1. Within the bounds of the range 57-68, is there any residue that is in contact with a helix residue (DSSP H, G or I) (Cβ under 8 Å, 6 or more places away or on another chain), open to solvent by 30 Å² or more (accessible area, probe 1.4 Å) and farther than 26 Å from His7 by Cα?
2. Tell me, which residue of the range 113-143 that is in contact (Cβ under 8 Å) with a residue 40 or more places away in the chain and among the acidic types (Asp, Glu) is surrounded by the most Cβ atoms within 10 Å (Cβ to Cβ)?
3. Checking the condition of a type outside the set (D, E, K, R), within 23 Å of Glu151 (Cβ to Cβ) and surrounded by 15 or more Cβ atoms within 10 Å (Cβ to Cβ), which residue from Ser92, Ser110, Ser28, Ser99 passes?
4. Could you list, ordered by first residue, the pairs with Cβ atoms under 6 Å in which the first is in the range 35-55 and within 23 Å of Ile149 (Cβ to Cβ) and the second is open to solvent by 50 Å² or more (accessible area, probe 1.4 Å) and assigned to a loop (DSSP other than H, G, I, E, B), at least 6 apart or interchain?
5. Please specify each residue of the range 1-33 satisfying the condition of being free of Cβ contacts under 8 Å to residues at least 60 places away in the same chain and β-branched (Val, Ile, Thr).
6. Could you pull out the residue among Ala74, Ala23, Ala88, Ala18 that is within 15 Å of the chain's Cα centre (by Cα) and over 20 Å from Ala131 (Cα atoms)?
7. Exactly one condition in (1) of a type in the set (Val, Ile, Thr); (2) at pLDDT 95 or above; (3) surrounded by fewer than 20 Cβ atoms within 10 Å (Cβ to Cβ) is not met by Ile105; state its number.
Amino acid sequence: MTNEIEHTSFFVTRELAASPRHAFQFWSDPELKARWSGCHPDWTVLDDTFEFRAGGGEAKRWRTPDGKEQTFNAHYLDIVPEQRIIYAYQMSFDAVRLSASLVTITFEPSGAGTTMTFTEQVAILAGGRDARNQRLAGTEDGLDRLIAIAEGEAAASA
């Protein structure tokens, strides 16, 4: 067992075809968030709580098809509607803590839409050399699903 910790950060910027108010709802509304943030449809959801407020939290626990569990536990530190969300979270897999992170999401008006910037500062505790790239790729995939849903909603209302 190693005690090595990789401290790293990354940011992802996306343009949404939605107002800052609507873009914020993709994070604050549990049903809307579930539409874009679920990435493993073959995993069984064991626990799912969502209390979106400063001081509140979000927790999920899944079981993979091979019987292992993954957990996500977040604590919301700061929320300014339509402007920013700041939360800290940790992830574990098969009873091993993978990482602890601080995330800031900002929403800036941009023409008829919103520029959303996701910044993550992460302490990677397990997962090997590719853990950072896997985390970044997973974040980008999720945000791309969010964009697709926003574009679909904009097209449907046009």
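1. no
2. Result: Glu120.
3. Ser28
4. Here the result reads Asp42/Pro65, each pair linking the range 35-55 to a residue that is open to solvent by 50 Å² or more (accessible area, probe 1.4 Å) and assigned to a loop (DSSP other than H, G, I, E, B).
5. Within the range 1-33, Thr2 is the sole residue that qualifies.
6. Step by step, each of Ala74, Ala23, Ala88, Ala18 is checked, and only Ala23 is within 15 Å of the chain's Cα centre (by Cα) and over 20 Å from Ala131 (Cα atoms).
7. So the condition that Ile105 fails would be (3).
The values are calculated or read from the model by the stated rules, or taken from the named source; none is laboratory data. Computed from a prediction, not measured in an experiment: that's the story for all the values here. Backbone-built Cβ (ideal geometry, glycine too); neighbour counts: all protein chains shown. Quick note on the areas: whole protein, heavy atoms, side chains included, nothing else; ligands and nucleic acids left out. Shrake-Rupley method; radii C 1.70, N 1.55, O 1.52, S 1.80 Å.
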